[in-house]
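The values are calculated or read from the model by the stated rules, or taken from the named source; none is laboratory data. Quick caveat, the model's predicted, so the values are computed rather than measured. All Cβ positions, even for glycine, are placed from backbone atoms using ideal geometry, and neighbour counts span all protein chains on display. Just so you know, the surface numbers come from the protein's heavy atoms only, side chains and all, with ligands and any DNA or RNA stripped out. Shrake-Rupley method; radii C 1.70, N 1.55, O 1.52, S 1.80 Å.
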Amino acid sequence: MSASTYKTQDCAKQWEVLLLLLSSEEKNIDRTTENEIDTMNYFYNNEGVKYFRKIMLQWLHEMNLSYARKTSESDTALKCNQVSFLWRQQGNDKYHANLVDDSYQCYSKSVIYANQNDTEYALALANRSAALLRLKRFKECLADIDLSIASGYKREMLHKLLLRKADCYIELNQTKNSRESILCASKHASSLNLSASQMAEFERHVRLLERKIHTGEDTHSLDECNVVLPECLNGVNPQFNAASMSIELKNNDTVGRHVIAKEALKRGDVLFSEKPYAWVTLPSDDPVCEMCCQPDINPLPCSSCSRSVYCSEACRSTAFTMFHKWECVGAQSDLFPTIGIAHLALRVLLISQYHGLPTPMSLAKPTAYELFKSYSQVDKIDIYRAETPDFYRMFNLVTNFDKMNNTDYIQYAVTATMLILYLERFTSFFETFESGPLNDRERKMFAAGFMLRCMGQLVCNGHAALSLSTYDDGTGRTVTEREVRRATAIYPSAAMMNHSCDPNIINTFYKNRLIIRCARELSAGAEVFNCYGPHRAREPTAQRRAHLRAQYMFQCMCSACADVEQQQFAMLFAAYACQSCKGPVLWQGKKAHCQHCNADFFPEKALAILDRAEELAFQAIQAKSPQEGCELMQSSYRLKQQVWYRHHASLRAAADRLAKSYADAGEFSKSVELIKQNIQSLEYQYGSFSVEVAHELRKLSDVMLERILNAPRNSAYREWCLETHKIVRKAIQLTELNYGGWEPLVRRLVIQERVVGDLVQDTAAGLSQTDNIHHILHYNLKI
């Protein structure tokens, strides 16, 4: 294969082929004495690799030609007013059909694709502001209106946009601003040559807004409230950057650097509050700000490409200066989804350059090798003092290169070589890269070696930034909440925690900030443990250890792995029920027997019962009435109870489906009992304060509230109100512990608690305000 004949229909897939080719060619590299600079010197000086560099450069050009263009009538990596107009028209159709959410999505795409020095951009923003007003996202609506006007919105339509602005201010209780906007709109309208009917319509709209100001209608904004982040327990530790005064960083030959409690800690105590050194957002259907990782944003796109979006002009400007001006061409070329973790390694380099590399004390020679050595020869504990530049903490994270197989290592080195080619040929990065006394070649060698080093560090120190996302099932009645990975980031201080399959901390995220809380009481001197992924409640010991060896290259000896009696704990939740005593049946090789009575298990009968249960569940979905569906789903569930152990995860799922059927049929008390049953099982598997229990409590609180809203005032009514209030408060406690009080779900639960609290007071006073509950709740109650 030659560089001149290199062609492909799918360039992105060819990167894996290139990696395999190069790693197989260079698999015999001796790495016993070299560091990252030695490796990259080899890749720059070896004649065979130079040939492959030509192929890599050709591949980069092909990626740019294939993806940095209009790829279809509805998508483009660059700006295209035709594509923007298409989406705006679709948005108009959705808006007129009263599909406001759908129209908003279309208008957002129109904004993203529009050329920002053209009126199409202003029109897209203005149309999106109309959808935002209907969605009660008033602050975002105001931002779109202001940006539309600044971008040259049509003068003959400006008076309408100013009235929309006044409407937003009214909803936000900013009377002075609303009156000023109405006055501006009136002055502008009088300067236009409006027809009599147009002027009459305008004046009618003004009167409606003025009446709205006078009546002071109670409006319910869905805009984010001011967030107060929790502070580290007893303040920030100057000896341990971003950490609490109640913990400290230690080092020994047995476990290396690790974190211990200096004093007794209790559940919920904040141990870390750390901004990442670097981060990259992940591909998602829901827009995430490239700069601060804020999810569910009103997207503001890069001014040049259509692949990067931000939550505000401030974030867009900062991101461009910090890293996006070097990444924009790569984003257009679809480079970063192709190279995975290497994108974060590139981002580490760009952010390090933005902040400036620390000046070394002295160099024996002005070479990349000597600069690497100077950054490495530091005290690995002292660099965590708050006054030490962040770069040293990042640079001195472990890489595990000494334990890594050659193929993986060489593939990382090949990727670093390709990224240097990208920066050389597609950006002007090296014209501004400051690296002390190094010449141009040594600067590039340092950048390549640093990115190679980062790839090793990120594999064993990277952190997934999570947030809650809510999905509607399409019926308008039921929603599903689940954790979604928004970004991958590196937190050097939090990375000092060692792993346990039974961790004692909880990770929460506010935008890209990591806030770590204590998950349970810890005594002074106890080690603080994170979980690197494998958890005792989800996988048996052998499987956890295998995963940890593969990625992190150590044999786990945590308390959960060392406990012989708990090695098969996770398997209980996939166990069959003994046909004699209903105890858990586990497989050992090709045979299965009960863990309680040791009876043999015959799977043929169990599988036949499950087949029949699935047939009934399918019939339940097709049932003509909710009552018939409940009866069939109940029959299916009872059959599954005969086959699966009582804590089986699939039995919980079956109980959940039956609970939903009961709720849809209005039999809320039966639904409540099934959810309570599931909560007990989840507490057994994950613990009483786990995120899994938090989700189930949220579900239970919704069903209980539905029961109250639909119940007659019988003898059980007050007890139901009291129990619901207790469950909602518990749901708030656990959701805030696991996700943070800034999550919209927590705010909705707090509103729910107030509603139920009012009902409790009403029942005590003998009052009845049930008819007003749906007015008090400013969102649609969904299970």
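Note down the net charge around residue 306, summing +1 for each Lys or Arg and -1 for each Asp or Glu among other residues with Cβ under 12 Å from its Cβ. Around residue 306, the charge tally is +3. Entry note, the chain: relative contact order of 11 percent, from Cα contacts under 8 Å with a spacing of 6+ residues. Basic side chains Lys and Arg get +1 at the Cβ, acidic Asp and Glu get -1 at the Cβ, and with that the dipole of the chain about its Cα centre reaches some 360 debye. Quick check on the stretch 359-500: take the gyration tensor over C-alpha atoms, sort the square-rooted eigenvalues as a ≥ b ≥ c, and tell me if it's rounded (a/c under 1.5), prolate or oblate. Prolate, because a/c is 1.5 or more and a/b exceeds b/c.
Equivalent-ellipsoid semi-axes for the stretch 107-265 (Cα gyration tensor, √(5λ), whole Å, largest first): 51, 21, 11. Counting only DSSP beta bridges with both residues in the chain, tell me the antiparallel percent, nearest 5. Bridges in the chain that DSSP calls antiparallel: roughly 95 percent. What is the sum of charges around residue 68, taking Lys and Arg as +1, Asp and Glu as -1, for the other residues whose C-beta is under 12 Å from the C-beta of residue 68? Charge balance in the 12 Å sphere: +2. Between the stretch 576-613 and the stretch 300-322, the C-alpha centres lie 57 angstrom from each other. The distance separating the Cα centre of the stretch 490-563 from that of the stretch 343-419 comes to 25 Å.
The alpha carbon gyration tensor of the chain gives principal lengths a ≥ b ≥ c with a/c of 1.5 or higher and a/b no greater than b/c, which makes the shape oblate.
In the stretch 423-465, the alpha-carbon atoms span a convex hull of 111 Å³ per residue.
Report note on the peptides 345-352, 328-335, 605-612: ranked by the mean count of other C-beta atoms within 10 Å, highest first, their order is 345-352, 328-335, 605-612. The aspartates and glutamates within cross-link reach of residue 590, meaning a Cα-to-Cα straight distance under 18 Å and a gap of 8 or more places when in the same chain, are 600, 604. Among the listed pairs 262/373; 109/275; 139/176; 136/511; 136/726, those whose Cα-Cα separation exceeds 26 Å are 262/373; 109/275; 136/726.
In order along the stretch 320-336, the phi-based Karplus estimate (6.51 cos²θ - 1.76 cosθ + 1.60, θ = phi - 60°) of 3J(HN,Hα) comes to 4, 5, 6, 8, 6, 5, 8, 9, 4, 5, x, 5, 4, 8, 6, 6, 6 Hz; Gly and Pro are listed as x. Taking the Cα centre of the stretch 565-700 as reference, the dipole from Cβ charges on Lys and Arg (+1) and Asp and Glu (-1) amounts to some 100 debye. Around the amide H of residue 593, modelled in the peptide plane, lie the amide H atoms of 586, 588, all under 5 Å away and 5 or more residues distant in sequence or on another chain.
Ignoring ligands, DNA and RNA, what percent of the 1.4 Å accessible area of the chain is carbon and sulfur? Using a 1.4 Å probe with all protein chains present, the chain comes out at 49 percent carbon and sulfur. Centre-to-centre, using Cα atoms only, the stretch 52-115 and the stretch 665-690 are separated by 45 Å. Oblate is the label for the stretch 88-165, because the ratio a/c of its alpha-carbon gyration tensor axes (a ≥ b ≥ c) is 1.5 or higher and a/b is not greater than b/c. Amide H to amide H, which residues 5 or more places from residue 118 or on other chains are under 5 Å from it, using H placed in the peptide plane? Long-range HN contacts for residue 118: none found. Hydrodynamic estimate: the Kirkwood radius of the stretch 554-680 over Cα pairs, inserted into Stokes-Einstein at 25 °C and 0.890 mPa s, corresponds to D of 153 µm²/s.
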